[in-house]
Amino acid sequence: MRPYAAADIDTWDLTADVVVAGYGVAGAAAAVEAARAGAEVLVLERAGGWGGAAALAGGFIYLGGGTALQRACGFDDSPEAMATFLMAAMGPGADAAKISAYGEGSVAHFDWLVECGVPFKPVFYGEPAWEPAADEGLMYSGGENAHPFDEIAEPAPRGHLPQMENKRTGERGGGYMLMKPLVETAERLGVKAHYGMRIERLVVERDGRVCGVVARSYGERVTVRARRGVVLATGSFTYNEEMLAAHAPLLLDRPGSAIEEHDGIAVKLAQALGAGVAHMDACEVALHMDPQYLIRGIMVNARGQRFINEDTYPGRIGQAALFQQDNRTFLVLDEEGFEEAGRVSAAPDVLQLRPAWVCETASELAAETGLPPGALEATLEVYNGHAEEGQDPLLHKAARWLRPLRGPLGAVDLRGMTSGFALGGLTTGTDAEVLHVNGEPIPGLYAAGRATAGIAAWGYASGASLGDGSFFGRRAGRSAALNG
Ligand code: FAD
């Protein structure tokens, strides 16, 4: 992982002003902005084509503050409300400077995406769901309209989705519809890309300035000189077992919501130059169940107790399940709830799990599921009693979703039904400069996307990754282009 000294490189095989490692969302945004700032840009991509995890993604981009899409859908928002929400929901430990810059620049960033050709359909999708039913462009995607955030900041939907065609993941899904126009824009601006090119080391001048990379392409070593700067945009460490074991062990042996190229190389290479890291234990966590079911029932842990308001962002429920409830949770719902959710759900079958146990009474259900005697019964008694009065004083689920659960009850077995990706990474400044552990920028080195610790420090909202990856990716490209 140690950098090479520039003096030891005899010949440079390739040269550009700005060298971008990784052609996912952060790399594409960096390439566009570096080229627009007048730099000659070379992207090195380990895979056989552009896209990264971004092209497979659902496509949520977390934006707000009053974007044209929000306004077209009839929603008011402000940068202040957005920043207040993000500081509360992305924490603890959210980066105030990054979030403030992100909130301030969000409207312009949306316009930039549109200008690059990313399509958005001005239709709001208001149902509880992981994703919209079809190609709707705007959704709540972080629990903004649920407890406690609805009282902390004025709620507004901020999940912006590129218009999909038939939701065909990897071909016409939201992430692909984001990536394709960005890459086409980069190509129009003259950005060159080399595929099958995996960066392995950084190269530094005697004064410490990063001036290139060494890559491997089909077994051959390739030296690449960067006249102005190197941008690391190679994704997270979700597929590096050693790093997961050291930093985010609860993700080990879980399905990773990423691609295997996310091996943490950027973090390691920059750490070898003294870079700092942050929030390495934070993870996005998906719970494999449609929110239409979650919201109508109660989520209980292995003690038969509720632990979260079921109407919040399902990723928040997933994080609570994995990190605080030992990944052992159950959804309890009555027949009416199952039937109603089944009627309105637009989710794929894999997210519409059937109950593993159905019983006439709560006691029988508790016995079948192995919950401690009396616990589920007590939970239901308290929940139902309050629900009859339209209240949830324990966890504050909104009144419109409260209804006593009666009659035959079913329990969906959600033990182990989570997956996720690592959120931690390199410490960067608001201009995407990689920061040394002493707080100073490492000259010539920039980073964005999930190689960095972005706006999500612990909590998460759908869209935070494509959002901060594209936003700070642009800054990384621009900073590198204007360096020196
Ligand atoms: P990527 O987009 O993955 O790009 C990194 C690129 O670097 C890759 O192309 C990779 O091949 C390349 N690379 C890696 N190592 C090297 C190397 N050594 N040399 C050269 N190149 C290298 N996030 C959201 O915000 N909204 C969503 O709706 C959403 N949905 C998702 C759905 C799925 C199924 C998955 C898997 C993820 C989803 N995510 C979503 C997460 C999001 O896709 C990623 O967090 C995001 O793409 C990270 O951006 P990035 O630029 O850092 O990485």
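The values are calculated or read from the model by the stated rules, or taken from the named source; none is laboratory data. A quick note: this is a predicted structure, and the numbers were derived from the prediction, not measured. Every residue, glycine among them, receives a Cβ derived from its backbone with ideal geometry; neighbour counts consider all protein chains shown. Heads up: the accessible areas ignore ligands, DNA and RNA and are worked out on the full protein's heavy atoms, side chains in. Shrake-Rupley method; radii C 1.70, N 1.55, O 1.52, S 1.80 Å.
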Which one of the conditions (1) more than 16 Å from the ligand (Cβ to nearest atom); (2) more than 30 Å from Ala37 (Cβ to Cβ) does Trp112 fail to meet, given that it meets all the rest?
(2)
Exactly one condition in (1) surrounded by 15 or more Cβ atoms within 10 Å (Cβ to Cβ); (2) more than 10 Å from the ligand (Cβ to nearest atom) is not met by Glu165; state its number.
(1)
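Within segment 327-344, how many residues are of a type outside the set (Val, Ile, Thr) and either open to solvent by 60 Å² or more (accessible area, probe 1.4 Å) or closer than 27 Å to Cys283 by Cα (or both)?
First, pick out the residues of segment 327-344 that are of a type outside the set (Val, Ile, Thr): 327-328, 330-331, 333-343.
Adding the requirement that they be either open to solvent by 60 Å² or more (accessible area, probe 1.4 Å) or closer than 27 Å to Cys283 by Cα (or both) leaves 327-328, 330-331, 335-336, 339-340, 343.
Number of matching residues: 9.
Within segment 37-89, track down each residue that is among the acidic types (Asp, Glu) and within 11 Å of the ligand (Cβ to nearest atom). Don't jump to the end; show me each part of the working.
If we filter segment 37-89 for residues that are among the acidic types (Asp, Glu), which is where we start, we get 40, 45, 76-77, 80.
Answer for segment 37-89, where residues must be among the acidic types (Asp, Glu) and within 11 Å of the ligand (Cβ to nearest atom): just Glu45.
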Among the residues listed as Ala367, Ala321, the single one being modelled with pLDDT of 95 or more, open to solvent by less than 10 Å² (accessible area, probe 1.4 Å), on the phi < 0 side of the Ramachandran plot and not in a loop (DSSP other than H, G, I, E, B)
Ala321
If the Cβ limit is 9 Å and pairs must be 6+ apart or interchain, which residue in segment 403-418 that is without any contact (Cβ under 8 Å) to a residue 40 or more places away in the chain pairs with which residue that is open to solvent by less than 40 Å² (accessible area, probe 1.4 Å)?
Pro404/Asp334; Pro404/Leu380; Pro404/Tyr383; Pro404/Asn384; Pro404/Gly385; Pro404/Ala387
Select from segment 255-275 the residues that are open to solvent by less than 20 Å² (accessible area, probe 1.4 Å) and not in a loop (DSSP other than H, G, I, E, B) and write down the one among them that is farthest from the ligand (Cβ to nearest atom).
Ala275
Do the conditions hold for Ala47, that is, is it in contact with a strand residue (DSSP E or B) (Cβ under 6 Å, 6 or more places away or on another chain) and outside any helix (DSSP H, G or I)?
no
Would you point out the residue of segment 399-431, among those that are over 30 Å from Gly449 (Cβ atoms) and among the charged types (D, E, K, R), that is least open to solvent (accessible area, probe 1.4 Å)?
Asp413
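So that you can scan it fast, the table gives a plain yes or no per residue for (1) touching a helix residue (DSSP H, G or I) at 6+ places or on another chain (Cβ under 9 Å); (2) part of a helix (DSSP H, G or I); (3) more than 16 Å from the ligand (Cβ to nearest atom):
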position: Thr379; (1), (2), (3): yes, yes, yes
position: Leu445; (1), (2), (3): yes, no, no
position: Tyr460; (1), (2), (3): yes, no, no
position: Leu466; (1), (2), (3): yes, yes, no
position: Gly469; (1), (2), (3): yes, yes, no
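Does any residue of segment 4-13 turn out to be of a type in the set (Val, Ile, Thr), over 18 Å from Phe471 (Cα atoms) and either open to solvent by 10 Å² or more (accessible area, probe 1.4 Å) or part of a helix (DSSP H, G or I) (or both)? It would help to see each step written out before you state the result.
Taking segment 4-13 as the starting set, the residues that turn out to be of a type in the set (Val, Ile, Thr) are 9, 11.
Retained after the next criterion (residues that are over 18 Å from Phe471 (Cα atoms)): 9, 11.
With the extra rule that they be either open to solvent by 10 Å² or more (accessible area, probe 1.4 Å) or part of a helix (DSSP H, G or I) (or both), the set shrinks to 9, 11.
Yes, because at least one residue in segment 4-13 is of a type in the set (Val, Ile, Thr), over 18 Å from Phe471 (Cα atoms) and either open to solvent by 10 Å² or more (accessible area, probe 1.4 Å) or part of a helix (DSSP H, G or I) (or both).
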Take the residues of segment 182-226 that are over 30 Å from the mean Cα position of the chain (by Cα) and outside any strand (DSSP E or B): which is surrounded by the most Cβ atoms within 10 Å (Cβ to Cβ)?
Arg209
If you go through segment 277-290 one residue at a time, do you hit one that is within 20 Å of Glu127 (Cα to Cα) and surrounded by fewer than 19 Cβ atoms within 10 Å (Cβ to Cβ)?
yes
